[in-house]
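The values are calculated or read from the model by the stated rules, or taken from the named source; none is laboratory data. Since this is a predicted model, take the numbers as computed values, not measurements. Virtual Cβ from ideal backbone geometry, glycine too; neighbours counted across all protein chains shown. Just so you know, the surface numbers come from the protein's heavy atoms only, side chains and all, with ligands and any DNA or RNA stripped out. Shrake-Rupley method; radii C 1.70, N 1.55, O 1.52, S 1.80 Å.
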Amino acid sequence: MTLPLDIDAERAATPGCATVAHLNNAGAALPTEATLDTVIAHLHLESEIGGYEAEASVRERIDAVGASVAALIGADPGEVAVTGSDTEGFTKALWGLYLGGGLERGRRILVDRMAYDSHYMGLLQVSGLAGTPIEAVPSTPDGTLDIDALEDLLATGDVALASLTHVGTHRGLVNPVADAVARCRRAGAVTFVDACQSVGQLPVDVGAMGCDVLTGTGRKWLRGPRGTGFVYVRTELVQSLRPIGIDGRSATWDADDHYRLEDGAQRFIPFETPVAVRLGLGTAVDHALDLGIDAIATRVAAVAEELRGILVTVDGVAVHDGGRHRCGIVTFTVEGQAPVDVAAAARSAGVNVSVTERPAARLDLGGDRPERVVRASPHYFTVTDELARLVEVVAAVGAR
Ligand SMILES: Cc1ncc(COP(=O)(O)O)c(C=O)c1O
């Protein structure tokens with residue numbers, strides 16, 4: 001049974017809740033005081049005993065961060081590398097696949113229409129070199145990845161890689177990635193999943209999803225510090241990946257003309273890492289594990305649905321999330337008002353929201369859909385009063 005969260009306690013443990021109505025958790029969430037303390041304590045330790053010495057003294061705790069992320073996503077610790085961002089992990093895995101010979105010329109790369117800019121542009125770079133054209137799987141009318149259309153594209157059997165998005169940056173619908181991944185794998189494709197906007201707000205289990213690679217970030221729904229992320233690579237695939245950007249931690253220079261990559265996801269971990277924020281990520285992930293991801297998901301979905309329910313009652317407001325399964329990202333426009341002006345008005349009233357524009361997700365924004373939307377992303381610690389503050393601003397802007 002999923003127990004409800006103690007929202008008052010969570011807010012009391014989050015200093016930012018006292019100063020702002022933070023509805024930009026899809027950008028970067030408010031951290032807990034415990035996460036902040038972890039980061040600051042390690043910076044102090046570095047200044048007192050030296051950076052390398054401080055690292056050596058917390059070696060086990062650093063390793064435990066990867067183990068916590070692995071526990072969160074149902075992976076083995078050896079399959080997870082903590083990175084500086086989602087994009088860093090994605091890039092290393094993608095180039096690792098390319099340099100490891102996993103993208104044969106003439107085969108195709110499939111993406112869904114939720115694809116995020118850094119992933120798509122990375123695919124463009126590799127696709128040009130590898131000679132593997134990119135094709136986008138159509139969406140159903142409600143915006144969800146179209147499973148039947150995917151089957152049709154897979155039927156030719158020449159798909160080398162499917163790069164799929166669990167939750168887009170710009171829209172609150174949840175794609176059926178487990179189903180899509182299963183079909184792609186049956187068709188012989190390597191599967192990458194972008195869980196950047198889902199991990200921390202939705203259950204993400206690599207076993208259930210069946211993907212080969214999955215990437216996420218720390219600062220968003222996990223409430224970790226900025227400059228943190230992770231990449232998961234399935235054991236059976238990882239030894240064939242030849243990542244770029246290797247150094248003395250990810251590999252060993254074992255002969256004048258030779259190097260040996262570390263085993264498992266260790267080959268993605270660089271020598272130089274910001275230890276303090278990585279420890280902070282560990283505190284944040286452990287907190288999510290303590291609360292329980294099911295309880296978090298239930299609460300986030302309920303708060304977001306509450307917000308959508310109020311927003312649609314405001315004259316001139318259109319909500320754009322679509323999909324049948326929705327999460328904590330709520331996107332909307334106000335008739336006759338630029339999203340950037342709506343966001344600025346909210347900011348002046350002490351409410352943080354963001355704006356997502358077409359270049360961030362251009363396969364889905366634009367055309368019949370808006371070019372830019374306001375994005376409100378409440379978290380489990382968001383309360384009704386904060387939603388009401390946003391709606392008041394939106395109504396006032398709409399009435400201008
Ligand atoms: C859907 C999605 N994927 C990937 C990313 C990239 O994450 P990062 O900035 O940590 O590389 C983002 C960032 O906003 C995102 O929203």
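When ILE109, ILE134, ILE62 are checked against the criterion of being open to solvent by less than 60 Å² (accessible area, probe 1.4 Å), in contact with a Pro (Cβ under 9 Å, 6 or more places away or on another chain), in contact (Cβ under 8 Å) with a residue 24 or more places away in the chain and over 15 Å from LEU241 (Cα atoms), a single residue qualifies: ILE109.
When you look at TYR259, is it open to solvent by 60 Å² or more (accessible area, probe 1.4 Å) and either away from the ligand (no atom under 14 Å from the Cβ) or in contact with a Phe, Trp or Tyr (Cβ under 6 Å, 6 or more places away or on another chain) (or both), yes or no? Here the answer is yes, as TYR259 does meet what is asked. Assess whether ASP194 counts as being of a type in the set (Asp, Glu) and away from the ligand (no atom under 12 Å from the Cβ). So ASP194 fails the test.
Per this entry, PRO370 is counted among residues that are open to solvent by 10 Å² or more (accessible area, probe 1.4 Å), touching a Ser or Thr at 6+ places or on another chain (Cβ under 6 Å) and not β-branched (Val, Ile, Thr).
For ARG369, indicate whether it is under 19 Å from ARG113 (Cα atoms) and among the basic types (Lys, Arg). Answer is yes for this residue.
Summed over region 80-92, the residues that are part of a helix (DSSP H, G or I) and open to solvent by less than 20 Å² (accessible area, probe 1.4 Å) give a count of 3. For first residues located in region 229-242 and open to solvent by 30 Å² or more (accessible area, probe 1.4 Å), partners that are in a loop (DSSP other than H, G, I, E, B) and within 16 Å of the ligand (Cβ to nearest atom) and lie 6+ apart or on another chain with Cβ distances below 9 Å form the pairs ARG234/CYS211.
Yes or no, residue by residue, for (1) modelled with pLDDT under 95; (2) within 16 Å of the ligand (Cβ to nearest atom); (3) open to solvent by 60 Å² or more (accessible area, probe 1.4 Å):
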{"position": "LEU99", "(1), (2), (3)": "no, no, yes"}
{"position": "ALA130", "(1), (2), (3)": "no, no, no"}
{"position": "THR144", "(1), (2), (3)": "no, yes, no"}
{"position": "ILE147", "(1), (2), (3)": "no, no, no"}
{"position": "LEU154", "(1), (2), (3)": "no, no, no"}
{"position": "GLY157", "(1), (2), (3)": "yes, no, no"}
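When each of LEU279, LEU222 is tested for being modelled with pLDDT of 95 or more, in a loop (DSSP other than H, G, I, E, B) and open to solvent by less than 50 Å² (accessible area, probe 1.4 Å), the lone residue that passes is LEU222. Pairs linking a residue in region 10-26 that is surrounded by fewer than 16 Cβ atoms within 10 Å (Cβ to Cβ) to a residue that is in a strand (DSSP E or B), with Cβ atoms under 8 Å and 6 or more positions apart or on different chains, are VAL20/VAL351; VAL20/ASN352. Among the residues making up region 341-371, those that are free of Cβ contacts under 8 Å to residues at least 40 places away in the same chain, over 29 Å from ILE296 (Cβ atoms) and within 23 Å of the chain's Cα centre (by Cα) are ARG358, GLY366, GLU371.
Which residues, counting only those in region 327-383, are assigned to a helix (DSSP H, G or I) and closer than 22 Å to ASP315 by Cα? Those that are assigned to a helix (DSSP H, G or I) and closer than 22 Å to ASP315 by Cα: PRO339, VAL340, ASP341, VAL342, ALA343, ALA344, ALA345, ALA346, ARG347, SER348.
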